[in-house]
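The values are calculated or read from the model by the stated rules, or taken from the named source; none is laboratory data. Owing to the predicted nature of the structure, the values given are computational and were not obtained by experimental measurement. All Cβ positions, even for glycine, are placed from backbone atoms using ideal geometry, and neighbour counts span all protein chains on display. Surface accessibility is based on the protein's heavy atoms, side chains included, excluding ligands, DNA and RNA. Shrake-Rupley method; radii C 1.70, N 1.55, O 1.52, S 1.80 Å.
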Amino acid sequence: MNMRTQWSVLTIATGLAAGLLTGCGSESGGTGDSGSNVVLGMSDDVLATDPASGYDPGSWLLFNNVFQSLLSFPNGATEPEPDLADECSFADSRTTVYECTLKKGLKFSNGEDLTAKDVKFSFDRMLKINDDAGPAIMFPMLDNVETPDDTTVRFNLKYADATFPSKIASGAGAIVDESSYDADGLRKDGEAVGSGPYKLESFGKDEAVFAVNDNYKGPAEVDNEGITLKFFHGKQDALKKALLEGEVDVAFRGLSAGAISDIETDTSTASGVELVDGTGAEVQHLVFNMNDPVTGKIGVRRAIAHLLDREALVDEVYQGTATPLYSIIPAGITGHNTAFFDTYGARPSKAKAEAALRADGITDKVELTLWSTPSRYGPSTDQELEAIAKQLNDSGLFDAKVKSVPFTQYEKDIAAGKYGLYVKGWVPDYPDPDNFTSPFFGKGNVLDNNYTNKTITGDLLPSTAAQSDRSATEQEYAELQNLVAEEVPLLPVWQAKQYAVIRQNVYGLEYCLDASTVFRFWEISKD
């Protein structure tokens, strides 16, 4: 997800074959006749209620609960399964035609029928609007959508893409009601009409209220009477206080590493709450502008790679809530290797860093600015970059400093090429290694770092995208990661763990924290 306005999430190989997909969950009418209303606190904001625009973790949390897609990722699943659809499959061996048959009797939360025309409208609308902060960037392969009848949807692709089912199973595949949305513009009234387990009752600056959708027809079984989502706008201490005082039942996305550590170790302070952790694939990288007069030099980039001490960084700044990352595809995702570990080692080496600089003709101290934006990647980001700058300066080879700016300025300056070295985070859109590679090195590079490699863009990305057996792509993804480690257009730093902290009368969070990054409201219950 956009370094999604986001780097936003998690990814695992789908291993999707070209056969029919059959749902495994029981159908639910969304009665919500068990449990109570649950109050969820989050330091992230929800930037959009219209799925043609939102491309950030907070917005996708809303989309995954208010809207349905043709396919979705059930709890613990690594392959998408039918949701709105009865079945979906590639209709040709080249994986360029994908067809879905809808369930019968589908309705939106407003009572309007949901048909194939709404599916076509949703995709056509998203691509036509092509919002800068939206998910249209995920569908360069989509040529057109056909609807032979009310229950059949046919996607014609410009080129083979075996990951297409995973993409439409994400928040980018949310289906909206044609009668409630403008085909040419975004909805800006803070309302939403979908067919998911919940309907959006209200949306304001400080909270959103979700009620159970009685018209829902899908695999989810709702275990509560509704969700109130409170926004803490990056104020992590306020979120922690609200949790400990019982004002919120669940804290998700936003507690600081220190707060999580306190909760884990200080039972007197954190009485009445407990930590739930799960699989995570959110990653963070240092990104190098390849046209910058300093970081454009391979010797500088390799020297930094030799000096970065990830273990110390994770311990000192993130207190064990992340793990060192040595490649662009995180652990737990098909194709992951340890290319940067193999090339630069786990421990810093001044001698090797100095040799890299001298090989590039650099004999003086390297003056360098590391750019940060805590308003997007959290208050620990500045602390992290200060720690990295200190590691560089302690070598005697660099004169590094850190500058921190608001996110809006940060993104504009990156696009204008003003920064040589900056931080980016990524939360995957769908569980496949493609989502950790194509956005960074393919068309529409979200890094904005002026890096291109013809072997990656011309051979490896098209070849891996066309392979329906995702496990068969490991060798090519290894080659891709090794090329990146050699040329260092970015430097992987850490891979985050997923956490939620709950009151002791709250249950089901273990079903919300898996590699799909779908936070399932319906799994949460409270007594």
| message | Could you report the stretch 181-260's accessible area per residue, 1.4 Å probe, as an integer in Å²? | response | 42 Å²
| field | Values of log10 I(q)/I(0), in the order q = 0.23, 0.28 Å⁻¹, for the stretch 118-168 under a Debye, Cα-only, solvent-free model | value | -0.93, -1.23
| Heavy-atom accessible area of Ser256 with all protein chains present, probe 1.4 Å, nearest 10 Å²? | 30 Å²
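Compute the FRET efficiency between Arg154 and Lys104 as 1/(1 + (r/R0)^6), taking r as their Cβ-Cβ distance and R0 = 22 Å, and round to the nearest 0.05. Intermediate results must be reported in sequence, preceding the final value.
Working: r = 18 Å, r/R0 = 0.82.
Rounded to the nearest 0.05, the efficiency is 0.75.
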| Using modelled amide H (1.01 Å from N, peptide plane; none on Pro or chain starts), what sits under 5 Å from the amide H of Leu370, excluding residues fewer than 5 places away? | Lys401, Val402, Lys403
| request: Filter the trypsin sites (Lys or Arg not before Pro) in the stretch 48-143 down to the DSSP loop ones having no more than 14 other Cβ atoms within 10 Å, then list what survives. | output: Arg94, Lys104
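Mean separation of Cα pairs under 8 Å and 6+ residues apart, divided by the residue count of the stretch 352-502: what relative contact order is that in percent?
On the way: 130 pairs, mean separation 26.1, N = 151.
Relative contact order comes out at 17 percent.
Wrap a convex hull around the Cα atoms of the stretch 267-355, take a quarter of its surface area, and give that in square nanometres. If you can, show how the numbers build up before the last one.
Numbers: hull surface 32.8 nm².
Projected area, direction-averaged: 8.2 nm².
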| message | If I compute solvent accessible area with a 1.4 Å probe over the protein chains, what percent of it on the stretch 205-330 is carbon and sulfur? | response | 42 percent
| request: Please identify every one of the trypsin sites (Lys or Arg not before Pro) in the stretch 383-439 that sits in a loop by DSSP and has no more than 15 other beta carbons within 10 Å of its own beta carbon. | output: Lys418
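So what's the back-of-envelope 222 nm ellipticity for the chain, counting only DSSP H runs of four-plus at -39500 (n - 2.57) apiece and dividing by all residues, rounded to 500?
Details: 15 runs with 131 residues, N = 527.
Mean residue ellipticity, 222 nm, calculated: -7000 deg cm²/dmol.
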| remark: Under the Karplus relation with 6.51, -1.76 and 1.60 and θ = phi - 60°, whole-Hz ³J(HN,Hα) for the stretch 451-459, x at Gly and Pro, equal 9, 9, 9, 5, 5, 5, 6, x, 10
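Of the cross-linked pairs Lys297/Lys454; Lys418/Lys454; Lys103/Lys167; Lys167/Lys217, which ones have a Cα-Cα span greater than 23 Å in the structure shown?
Working: Lys297/Lys454 19 Å; Lys418/Lys454 25 Å; Lys103/Lys167 20 Å; Lys167/Lys217 21 Å.
As for pairs spanning more than 23 Å Cα to Cα, those are Lys418/Lys454.
Can you tell me the accessible area per residue over the stretch 323-468, all protein chains present, probe 1.4 angstrom, in square angstrom? Present the calculation step by step, with values, prior to reporting the outcome.
Numbers: 6030 Å² over 146 residues.
Accessible area per residue, the stretch 323-468: 41 Å².
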| Label point at Asp124 placed 7 Å out along Cα→Cβ; residues across the stretch 146-182 whose backbone nitrogen lies under 11 Å | 146-147
| message | Show me, for the stretch 181-198, the HN-Hα J-couplings you get by feeding each phi into the Karplus relation (A = 6.51, B = -1.76, C = 1.60, θ = phi - 60°), rounded to Hz, glycine and proline as x. | response | 10, 7, 5, 10, x, 7, 7, 10, 8, x, 10, 8, 10, x, 10, x, x, 10
| task | Would you mind telling me the share, in percent, of accessible area of the stretch 411-502 contributed by carbon and sulfur at probe 1.4 angstrom? | result | 44 percent
| remark: Gyration tensor (Cα only) of the chain to equivalent ellipsoid, semi-axes in Å sorted down, yields 38, 28, 19
| query | Accessible surface of His336 in the full protein assembly, 1.4 angstrom probe, to the nearest 10 Å²? | reply | 70 Å²
| request: Taking all protein chains together and a probe of 1.4 Å, list Tyr507, Tyr181 from the most accessible to the least accessible. | output: Tyr507, Tyr181
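Round to the nearest 0.05 the FRET efficiency obtained for Asp45 and Lys403 when R0 = 22 Å and r is the Cβ-Cβ distance.
My answer for the efficiency is 0.40.
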| query | For the pair Ala331 and Ala355, what calculated FRET efficiency results from E = 1/(1 + (r/R0)^6), where r is the Cβ-Cβ distance and R0 = 35 Å, to the nearest 0.05? | reply | 0.75
| remark: Here the residues of the stretch 218-236 lying in the modelled label zone of Ser202, meaning backbone nitrogen under 15 Å from a point 7 Å along Cα-to-Cβ, are 227-231
| task | Give a residue-ordered list of calculated ³J(HN,Hα) values for the stretch 284-293 (Karplus: 6.51 cos²θ - 1.76 cosθ + 1.60, θ = phi - 60°; whole Hz; x for Gly, Pro). | result | 9, 10, 8, 10, 9, 6, 6, 9, 6, x
| remark: Quick calc, the stretch 204-264, dipole around Cα centre from Cβ unit charges on Lys, Arg (+) and Asp, Glu (-), nearest 20 debye, gives 320 debye
| field | Glu476 accessible area, assembled protein chains, probe 1.4 Å, Å² | value | 50 Å²
